[in-house]
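Worksheet for the structure shown next.
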Amino acid sequence: MGTIQPKVAEPAGDEMALVHAAKAGDVSAFEQLVHRYDRNVFRIAQHITQNREDAEDVVQDAFLKAYQNLANFHEQSKFYTWLVRIAVNEALMRLRRRRPERMVSLDEDIKTEEDSMPREVADWAPNPEQLYTQGELKEILGKTIQGLPPSFRTVFVLRDVEGLSTEETADALDLSIPAVKSRLLRARLQLRERLSKYFKNRTSGDGKK
Amino acid sequence: MTCSDFLKELTDYLDESMDAQTRAELEDHLQWCHNCYVVCNTTKMTIEIYRDSHLYELPDELRGRLRSAIMSKCKGHEGPCT
């Protein structure tokens, strides 16, 4: 069985030159960094906050914070990983504001056997893209990921959607590598379980669109 | 290898971050365990479908508006703190 090949875009060689120029006060160099990563930051913010307005605010505040704190970026990691760390913190802060009644933390690590034990073991056929329109598919995927605990969907979006390595994800989230792996496994299995309800092979045709 | 052992290794298997011997043991398990084969296959599809879904794309109009707001705030600021 084939394995997942991450779509990791290596940063262009000129990235550090842009960072250096921005550090020296060249605002247009910073604008190029915004242009390079604004889509990624928005995607991450929306995955975590599950709120469009909050995601817009996160994009603005994360880039502004990055600009103001460029001098503290010591270039031990990629600029993008450093930016992601800022964006995740901003997104989690907004999530906490909206849900003060609920603990929202990256340390959130709900450990139960059942959440990882697959119950749905029917294969998916035909391909979900053939079953649903693009719009319907997005709605299903959005609803499904919304149901995951914030700490799980944060790890999932960084690793599997954005293609950060396990080490980069651990670095951006201040988590250990085993903690990233454990959350990622459970995020993947829980999403799979929930999506199976929509995508499983329905030989009887019941409920099929 | 039990199904539970297989599940524990699933993430490393899909990410190809394991030694050849463990990989061979997992693939041997997949040969005869239909349930683990399905779980492995549909987990892989789950990852691919999210990765390729373009969920939460930033629309061009909003992108332009956000960029203007960011840059005007940056220009209004003294510059990176040193």
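The values are calculated or read from the model by the stated rules, or taken from the named source; none is laboratory data. Just so you know, these numbers come straight off a predicted model, no measurement behind them. Note that we place each Cβ from the backbone using ideal geometry, even for glycine, and neighbour counts take in every protein chain shown.
Please verify whether the range A:189-199 includes one or more residues that are of a type outside the set (G, A, S), surrounded by 19 or more Cβ atoms within 10 Å (Cβ to Cβ), at the interface with chain B (Cβ under 9 Å from one of its Cβ atoms) and closer than 28 Å to A:F79 by Cβ. No, there is no match, as no residue in the range A:189-199 is of a type outside the set (G, A, S), surrounded by 19 or more Cβ atoms within 10 Å (Cβ to Cβ), at the interface with chain B (Cβ under 9 Å from one of its Cβ atoms) and closer than 28 Å to A:F79 by Cβ. If I filter the range A:171-187 down to residues being free of Cβ contacts under 8 Å to residues at least 60 places away in the same chain, part of a helix (DSSP H, G or I) and over 17 Å from A:I48 (Cβ atoms), which single residue comes out as nearest to the chain's Cα centre (by Cα)? The residue in question is A:K181. Any residue that is in contact (Cβ under 8 Å) with a residue 12 or more places away in the chain and surrounded by 15 or more Cβ atoms within 10 Å (Cβ to Cβ) - is there at least one of those in the range B:47-61? There is at least one residue in the range B:47-61 that is in contact (Cβ under 8 Å) with a residue 12 or more places away in the chain and surrounded by 15 or more Cβ atoms within 10 Å (Cβ to Cβ). For the range B:1-21, the set of residues classified as polar (S, T, N, Q) and exposed (fewer than 14 other Cβ atoms within 10 Å of the Cβ) consists of B:T2, B:S4, B:S17, B:Q21, listed by residue number. Only residues that are in contact with a Lys or Arg (Cβ under 7 Å, 6 or more places away or on another chain) and at pLDDT below 90 were counted in the range A:177-209, giving 2.
Residues in the range A:45-82 that are under 14 Å from B:R67 (Cβ atoms), of a type outside the set (D, E) and facing chain B (nearest Cβ under 7 Å): A:V59, A:Q60, A:F63, A:L64, A:Y67.
Residue by residue, here is whether (1) within 19 Å of A:L141 (Cβ to Cβ); (2) more than 9 Å from every other protein chain (Cβ to nearest Cβ) holds:
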| site | (1), (2) |
| --- | --- |
| B:E16 | no, no |
| B:E25 | no, yes |
| B:D28 | no, yes |
| B:C33 | no, yes |
| B:N41 | yes, no |
| B:M45 | yes, no |
| B:D60 | no, yes |
| B:M71 | no, no |
